[in-house]
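Working notes for the structure below.
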Amino acid sequence: MNFRVLPMQQRHLPELAHLEQICFSDPWSADAFSYELVNPGARFRVAESEDGQLLGYLGLHFVLDEGYIANIATAPGARRMGVASALIEDAVAFGEETGLSFLTLEVRMSNIPAQNLYRKYGFSEVGIRKNYYQEPREDALLMTRQLKREEVK
């Protein structure tokens, strides 16, 4: 499957909100994504097919030298086609280029496929957040990847 990773734009917001409804029990709204368009501490990227269809996205927040992957989602029909991998690689490259020390994220304890994907990209378990998720209530596994920092000029 051919796709490209590009910055989230206003035109993506309805599809992003729809993808959230499909993927998460506590979905973000189009308004929440709209705020991220102007948030200087956020970098939201989408994967888009050649014909403009939204395949997935990754939202990254950063403060000082810390990066936090707030959201990552892939459309059901685009899973296991490299979309999430491309988005993670893009986030890691951004973190290294801008001098972030690490990227961190939470994932449901029951989401073994996602945990395995994150491990593939160098994330390791660093803790558990009790009762982090609602509907259904579940602990989150906290995973972090240390980054190689390039000299920021």
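The values are calculated or read from the model by the stated rules, or taken from the named source; none is laboratory data. Everything numeric here is computed off the predicted structure, so don't read it as measured data. Glycine gets a Cβ as well: all are built from the backbone with ideal geometry, and neighbour counts include every protein chain shown.
List every residue pair whose Cβ atoms lie under 7 Å apart, where the two residues are 6 or more positions apart in sequence or sit on different chains, the first residue falls within region 35-56 and is free of Cβ contacts under 8 Å to residues at least 40 places away in the same chain, and the second residue, located anywhere, is buried (at least 20 other Cβ atoms within 10 Å of the Cβ) and charged (D, E, K, R).
Between residues of region 35-56 that are free of Cβ contacts under 8 Å to residues at least 40 places away in the same chain and residues that are buried (at least 20 other Cβ atoms within 10 Å of the Cβ) and charged (D, E, K, R), the close pairs are 42/36; 44/36.
Residue 122 - would you say it is part of a loop (DSSP other than H, G, I, E, B), modelled with pLDDT of 95 or more and within 28 Å of residue 1 (Cα to Cα)? Reasoning before the result, please.
Working: part of a loop (DSSP other than H, G, I, E, B): yes; modelled with pLDDT of 95 or more: yes; within 28 Å of residue 1 (Cα to Cα): yes.
Yes.
Being touching a residue at least 40 places away in the same chain (Cβ under 8 Å) and not hydrophobic (A, V, I, L, M, F, W, C) is the filter; apply it to region 86-116 and report the residue that is surrounded by the most Cβ atoms within 10 Å (Cβ to Cβ).
95
Does residue 88 count as modelled with pLDDT of 95 or more, of a type in the set (Val, Ile, Thr) and more than 11 Å from the chain's Cα centre (by Cα)?
Taking the combined requirement at face value, the residue does not satisfy it.
Go through (1) under 24 Å from residue 134 (Cα atoms); (2) free of Cβ contacts under 8 Å to residues at least 60 places away in the same chain; (3) not acidic (Asp, Glu) and name the single condition residue 25 misses.
The one condition residue 25 does not meet is (2).
Quick grid of which residues meet (1) assigned to a helix (DSSP H, G or I); (2) closer than 21 Å to residue 25 by Cβ; (3) not β-branched (Val, Ile, Thr):
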site	(1), (2), (3)
72	no, yes, no
92	yes, no, no
96	yes, no, yes
107	no, yes, no
115	yes, yes, yes
118	yes, yes, yes
132	no, yes, yes
144	no, no, no
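How about region 74-85: which of its residues are assigned to a helix (DSSP H, G or I) and crowded, with 22+ Cβ neighbours inside 10 Å?
Within region 74-85, 83, 84 meet the criteria.
Among the candidates 83, 63, which residue alone is in contact (Cβ under 8 Å) with a residue 60 or more places away in the chain, of a type in the set (Val, Ile, Thr) and touching a Gly at 6+ places or on another chain (Cβ under 8 Å)?
On the way: 63 fails: in contact (Cβ under 8 Å) with a residue 60 or more places away in the chain.
Just one listed residue meets the conditions, 83.
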